[in-house]
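Novice: Take this structure first; my questions come after.
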Amino acid sequence: MTVSGVLQAMGMRELRTNLRAVVERVEAGAPVVCLKDGQPIAVMLAHEEAEHWRKVEDSLATLHAMNIYPEVLNDPSELADLASLIPPDLTTIRRLTSGPRAILSPLRTKGVSDARAAFATLIEEVAQGRVRTIVHRGHLAVAIIPAQEYDRLRALNRAVSWFRGAGLDLATATEQQVIDFVRSRREGLEETSGTPRAAG
């Protein structure tokens, strides 16, 4: 996924002028950051990648139900010991779960021509936390997400990669597969260390 790749930066005027070509480039896997007054305000990702992260969020919700919060760990390597991983305090959990997840916004679409005509308004809506999707050639092509949401997903990418390396793809796993993975890891680690089984 391109969330860990190199971003190309473009100003709003340049983006608006070349929007059709930019949409095609982003859809091909080259994300673009939109700058306003020199500051990142939004990021354009392939729609497929936005869907990938929506599915990851579903898996994270299942992990949260099992007292696993990858977002608050200093290092994903801490996930290796799921049997004794200490859940964060209630204040941290409340802060985490009440934080916005723009990637889960309801699907709102615009064609390329309409997006170009109202580009400034579109970007302002995105900056306020509303993901917008551009339709190109009859299909969902590009998602525009707030810059801070891109930063959140980029920070999450290390934990997602850890799970993938350990055998669980959070973007494709069912709820039951996530539950089975965690239980299996906890039981295996507890048998190795001789610690009593934790609840959950």
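The values are calculated or read from the model by the stated rules, or taken from the named source; none is laboratory data. Not measured: the values here are computed from a predicted model. Cβ placement follows ideal geometry from the backbone for every residue including glycine, while neighbour counts extend to all protein chains displayed.
Novice: State all residues of the range 64-93 that are more than 22 Å from residue 146 (Cβ to Cβ), part of a helix (DSSP H, G or I) and of a type in the set (D, E, K, R); if no residue qualifies, say none.
Specialist: 78 - this is the single residue of the range 64-93 that is more than 22 Å from residue 146 (Cβ to Cβ), part of a helix (DSSP H, G or I) and of a type in the set (D, E, K, R).
Novice: Out of the residues in the range 136-171 that are modelled with pLDDT under 95, of a type in the set (Lys, Arg) and in a helix (DSSP H, G or I), which is nearest to residue 99 (Cα to Cα)?
Specialist: Among those residues, the one meeting the criterion is 152.
Novice: While we're looking at this one, here's another question. Test of understanding: among 14, 48, which residue is under 26 Å from residue 162 (Cβ atoms), without any contact (Cβ under 8 Å) to a residue 60 or more places away in the chain, surrounded by fewer than 18 Cβ atoms within 10 Å (Cβ to Cβ) and not small (Gly, Ala, Ser)?
Specialist: Answer to the selection: 48.
Novice: Next question. Within the range 15-64, work out how many residues are more than 16 Å from the chain's Cα centre (by Cα) and among the small types (Gly, Ala, Ser).
Specialist: Counting residues in the range 15-64 that are more than 16 Å from the chain's Cα centre (by Cα) and among the small types (Gly, Ala, Ser) gives 4.
Novice: Still on this structure, please answer the following. Run down 50, 61 and say which single residue is over 21 Å from residue 125 (Cα atoms) and either in a loop (DSSP other than H, G, I, E, B) or of a type in the set (A, V, I, L, M, F, W, C) (or both).
Specialist: 61
Novice: Here's something else I'd like to know. Filter the range 17-42 down to the residues that are surrounded by fewer than 14 Cβ atoms within 10 Å (Cβ to Cβ) and of a type in the set (A, V, I, L, M), then identify the one that is modelled with the lowest pLDDT.
Specialist: 28
Novice: I need the full set of residues from the range 96-129 which are of a type in the set (Asp, Glu) and either in contact with a strand residue (DSSP E or B) (Cβ under 7 Å, 6 or more places away or on another chain) or assigned to a loop (DSSP other than H, G, I, E, B) (or both), in order please.
Specialist: 125
Novice: Right, next: Could you please tell me which pairs satisfy a Cβ distance under 8 Å, a separation of 6+ or placement on different chains, a first residue in the range 99-115 that is closer than 15 Å to residue 54 by Cα, and a second residue that is aromatic (Phe, Trp, Tyr) and modelled with pLDDT of 95 or more?
Specialist: 103/53
Novice: Turning to a different aspect of this structure: If you take the residues of the range 65-107 that are of a type in the set (A, V, I, L, M, F, W, C) and more than 19 Å from the chain's Cα centre (by Cα), which of them is surrounded by the most Cβ atoms within 10 Å (Cβ to Cβ)?
Specialist: 82
Novice: Between 174, 133, which is at pLDDT 95 or above, of a type in the set (Ser, Thr, Tyr) and surrounded by 15 or more Cβ atoms within 10 Å (Cβ to Cβ)?
Specialist: So the residue among 174, 133 that is at pLDDT 95 or above, of a type in the set (Ser, Thr, Tyr) and surrounded by 15 or more Cβ atoms within 10 Å (Cβ to Cβ) is 133.
Novice: Does any residue of the range 24-33 turn out to be free of Cβ contacts under 8 Å to residues at least 24 places away in the same chain and either closer than 23 Å to residue 128 by Cα or among the β-branched types (Val, Ile, Thr) (or both)?
Specialist: Within the range 24-33, none of the residues are free of Cβ contacts under 8 Å to residues at least 24 places away in the same chain and either closer than 23 Å to residue 128 by Cα or among the β-branched types (Val, Ile, Thr) (or both).
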